[in-house]
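Everything below concerns the one structure shown next.
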């Protein structure tokens, strides 16, 4: 009996918190040269840089290195993290291209299911000449060192207006069952471009899978029903019918066509199914959910109101 109680205790203390691993990092409460616990930053350029131009936490409204016409901006709260290269141009001729290579790496993320994703708000570029900024997004399954990042996701570029934040998403469905680190790499020739990047409100949603079989009888046809309730906050039910054994995907997109979650990506037998979709990590707005099974494709609209 004691052994059973110990196993139950360890399961409740260790496993359950990991299964519902969701977190938000808004950089509040940090001083200028500190990073959140578990985070790291790396300079991979072949010359030493001013630490104030690297990924640095700043108060909104504070001055920026090398800039006289702009101050730090935040998406929410009073702090964000930012990077520039204005005071770091190499003067020793070691790197004549003056290419920045500054990495900000998240703490370790355990990906429990195909609905997991990371979202972030970022403001890029600006200034009187509409300077362009560029940030690459990478994922590592090994550790937080830059050389381990072999999974390139995308490059986000922008020329401002300065301080205008936009939300982006990193689907993590390709890494189910693994530990991952997400990196933001400021990599560009700063003799041509580069102004300032502000990054804020990074969020990981890692909710348990909610698919249920509600009927094993073979439906006459494929069907994707309207979610209920709709509008919803933050959970809604999505029901669908599968007429033949097939590889099935159920994917969520935002209003501009970005994929924000993969709810189902597996082979399903004929029957009727329900998925309890928890959108607590997403902002209010219109979303689309698409069911694909063989040649069958159907897309419906749903509205999240918080």
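The values are calculated or read from the model by the stated rules, or taken from the named source; none is laboratory data. Please read these numbers as outputs of a predicted model, since none were measured by experiment. For neighbour counting, all protein chains shown are included, and Cβ atoms are generated from backbone atoms with ideal geometry for every residue, glycine included.
Here are the numbers:
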quantity	calculated
Answer from 53, 91, 48, 96 - the residue that is closer than 24 Å to residue 191 by Cβ, out of contact with any strand residue (DSSP E or B) (no Cβ under 6 Å at 6 or more places or on another chain), at pLDDT 85 or above and part of a loop (DSSP other than H, G, I, E, B)	53
Some residue of segment 196-204 being touching a residue at least 12 places away in the same chain (Cβ under 8 Å), at positive phi and crowded, with 17+ Cβ neighbours inside 10 Å	yes
Of the criteria (1) in contact with a strand residue (DSSP E or B) (Cβ under 6 Å, 6 or more places away or on another chain); (2) in a loop (DSSP other than H, G, I, E, B); (3) under 18 Å from residue 291 (Cβ atoms), which one residue 220 fails	(1)
Which listed residue, of 191, 216, 141, is in contact with a helix residue (DSSP H, G or I) (Cβ under 8 Å, 6 or more places away or on another chain) and in contact (Cβ under 8 Å) with a residue 24 or more places away in the chain	141
Residues (more than 18 Å from residue 263 (Cβ to Cβ) and either modelled with pLDDT of 95 or more or surrounded by 13 or more Cβ atoms within 10 Å (Cβ to Cβ) (or both)) located in segment 208-220	215, 218, 219
Residues within segment 267-290 that are on the phi < 0 side of the Ramachandran plot, in a strand (DSSP E or B) and over 23 Å from the mean Cα position of the chain (by Cα), tallied	5
Test for residue 176: is it surrounded by 22 or more Cβ atoms within 10 Å (Cβ to Cβ) and either closer than 16 Å to residue 55 by Cβ or under 18 Å from the mean Cα position of the chain (by Cα) (or both)	no
Pairs with Cβ under 7 Å, 6+ apart, first in segment 120-131 and within 15 Å of residue 55 (Cα to Cα), second buried (at least 23 other Cβ atoms within 10 Å of the Cβ) and at pLDDT below 90	none
Within segment 251-266, considering residues that are closer than 18 Å to residue 228 by Cα and free of Cβ contacts under 8 Å to residues at least 60 places away in the same chain, the one farthest from the chain's Cα centre (by Cα)	251
Boolean, residue 248 is under 30 Å from residue 58 (Cα atoms) and either touching a residue at least 60 places away in the same chain (Cβ under 8 Å) or more than 20 Å from the chain's Cα centre (by Cα) (or both)	no
All positions within segment 169-193 that are touching a strand residue (DSSP E or B) at 6+ places or on another chain (Cβ under 6 Å) and modelled with pLDDT under 95	169, 170, 171, 172, 173, 179, 187, 188, 189, 190, 193
Top-ranked residue of segment 156-168 - restricted to ones that are part of a strand (DSSP E or B) and surrounded by fewer than 19 Cβ atoms within 10 Å (Cβ to Cβ), ranked as farthest from the chain's Cα centre (by Cα)	157
